[in-house]
1. Out of THR48, THR69, THR75, THR38, report the one residue that is within 13 Å of PRO100 (Cα to Cα) and of a type in the set (S, T, N, Q).
2. Take the residues in segment 35-58 that are hydroxyl-bearing (Ser, Thr, Tyr) and closer than 16 Å to PRO77 by Cα; name whichever of them is most open to solvent (accessible area, probe 1.4 Å).
3. Would you check if GLY54 is touching a His at 6+ places or on another chain (Cβ under 8 Å) and on the phi > 0 side of the Ramachandran plot?
4. List the strands (runs of 3 or more DSSP E) that sit entirely inside segment 63-110 and contain at least 1 residues that are open to solvent by less than 30 Å² (accessible area, probe 1.4 Å) and over 19 Å from ASP35 (Cα atoms).
5. So is GLY24 at pLDDT below 95, on the phi > 0 side of the Ramachandran plot and either in a loop (DSSP other than H, G, I, E, B) or surrounded by 17 or more Cβ atoms within 10 Å (Cβ to Cβ) (or both) or not?
Amino acid sequence: MRGVLAFVFLLFASSALAHDAPSGWSYDPYCCNGDSETGDCEMIPSRTVTIVPGGYRVTLNPGDHRYITHAHIFTLPQGKTMRSPDGAYHLCLFPDENTPRCFYAPDMSE
């Protein structure tokens, strides 16, 4: 019984930590740490994303994401990309700006 209660507590605690994208949908609790002001998930400009074979290339400079302090190029596989409900690109960086944790993209047909 204690194990079940602990699981339920962790489930609610982790969902309480999730924050919302600007359009109102919630980032996956695994992906986000913090809130809408300090969290590591954020919408990124579409100009920073290029579709490449097998996924996406994301080129970020300071100002493209609140955590970015210098230029970064990330290659993110399609198989690990999460669907963006608002048709925009979103990137979660954790534990630092060098580590993409989750990437949300619109369907490739959009």
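1. Working: THR48 fails: within 13 Å of PRO100 (Cα to Cα); THR69 fails: within 13 Å of PRO100 (Cα to Cα); THR38 fails: within 13 Å of PRO100 (Cα to Cα).
Within the list THR48, THR69, THR75, THR38, the selection yields THR75.
2. In the first step, residues of segment 35-58 are kept if they are hydroxyl-bearing (Ser, Thr, Tyr); the result is 36, 38, 46, 48, 50, 56.
Now restrict to residues that are closer than 16 Å to PRO77 by Cα: 48, 50, 56.
Working: THR48: 4, THR50: 56, TYR56: 4 Å².
It comes out as THR50.
3. no
4. Numbers: elements: 72-77, 89-93, 100-105.
By residue number, 72-77, 100-105.
5. Numbers: at pLDDT below 95: yes; on the phi > 0 side of the Ramachandran plot: yes; either in a loop (DSSP other than H, G, I, E, B) or surrounded by 17 or more Cβ atoms within 10 Å (Cβ to Cβ) (or both): yes.
So GLY24 passes the test.
The values are calculated or read from the model by the stated rules, or taken from the named source; none is laboratory data. Please read all numbers here as calculations on a predicted model, not as lab measurements. Glycine also receives a Cβ, built like all others from the backbone with ideal geometry; neighbour counts cover every protein chain displayed. When the accessible area is computed, the model is the full protein with side chains, heavy atoms only, and any ligands, DNA or RNA have been set aside. Shrake-Rupley method; radii C 1.70, N 1.55, O 1.52, S 1.80 Å.
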